[in-house]
Amino acid sequence: MRATWVESRKGQQNVSQMHYARQGVITEEMAHVAKRENLPESLIMEEVARGRMIIPANINHTNLEPMAIGIASKCKVNANIGASPNASDADEEVK
């Protein structure tokens, strides 16, 4: 699916979606995610640049379909690692 998308990026030092987003470049992966999520491409780029959204898109795995994980997307991850402000019992937290 993505082989032609990543061909021009092969051999470059930094090929992360965040790298391109911070340069103001909307990659094919970002455009694909925007269409899939029904969100503007510019929003996807801005969220990736800010670190509020990720698009797992390793250039060595071109058979995988890009998807978004983040606040503005349909897929979200909420992890509370360490002590919670809502509970103060460390033994209970470990369970």
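The values are calculated or read from the model by the stated rules, or taken from the named source; none is laboratory data. Model, not experiment: these values are computed from the prediction. Reconstructed Cβ throughout: ideal geometry from the backbone, glycine too, with neighbour counts over all protein chains shown.
This table checks each residue for (1) surrounded by 11 or more Cβ atoms within 10 Å (Cβ to Cβ); (2) within 18 Å of the chain's Cα centre (by Cα); (3) in a helix (DSSP H, G or I); (4) at pLDDT 90 or above.
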{"residue": "24", "(1), (2), (3), (4)": "no, yes, no, yes"}
{"residue": "31", "(1), (2), (3), (4)": "yes, yes, yes, yes"}
{"residue": "34", "(1), (2), (3), (4)": "yes, yes, yes, yes"}
{"residue": "45", "(1), (2), (3), (4)": "yes, yes, yes, yes"}
{"residue": "58", "(1), (2), (3), (4)": "yes, yes, no, no"}
{"residue": "66", "(1), (2), (3), (4)": "yes, yes, no, yes"}
{"residue": "78", "(1), (2), (3), (4)": "no, yes, no, no"}
{"residue": "84", "(1), (2), (3), (4)": "yes, no, no, no"}
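Considering only residues that are without any contact (Cβ under 8 Å) to a residue 24 or more places away in the chain and aliphatic (A, V, I, L, M), which ones fall in the range 15-40?
Answer for the range 15-40, where residues must be without any contact (Cβ under 8 Å) to a residue 24 or more places away in the chain and aliphatic (A, V, I, L, M): 25, 26, 31, 34.
Please go through the range 3-22 and pick out each residue that is assigned to a loop (DSSP other than H, G, I, E, B) and either among the polar types (S, T, N, Q) or under 17 Å from residue 69 (Cβ atoms) (or both).
Within the range 3-22, the first condition is being assigned to a loop (DSSP other than H, G, I, E, B), and the residues that meet it are 10-16.
Answer for the range 3-22, where residues must be assigned to a loop (DSSP other than H, G, I, E, B) and either among the polar types (S, T, N, Q) or under 17 Å from residue 69 (Cβ atoms) (or both): 12, 13, 14, 16.
Give the number of residues within the range 10-22 that are out of contact with any helix residue (DSSP H, G or I) (no Cβ under 7 Å at 6 or more places or on another chain) and either among the polar types (S, T, N, Q) or surrounded by 15 or more Cβ atoms within 10 Å (Cβ to Cβ) (or both).
6
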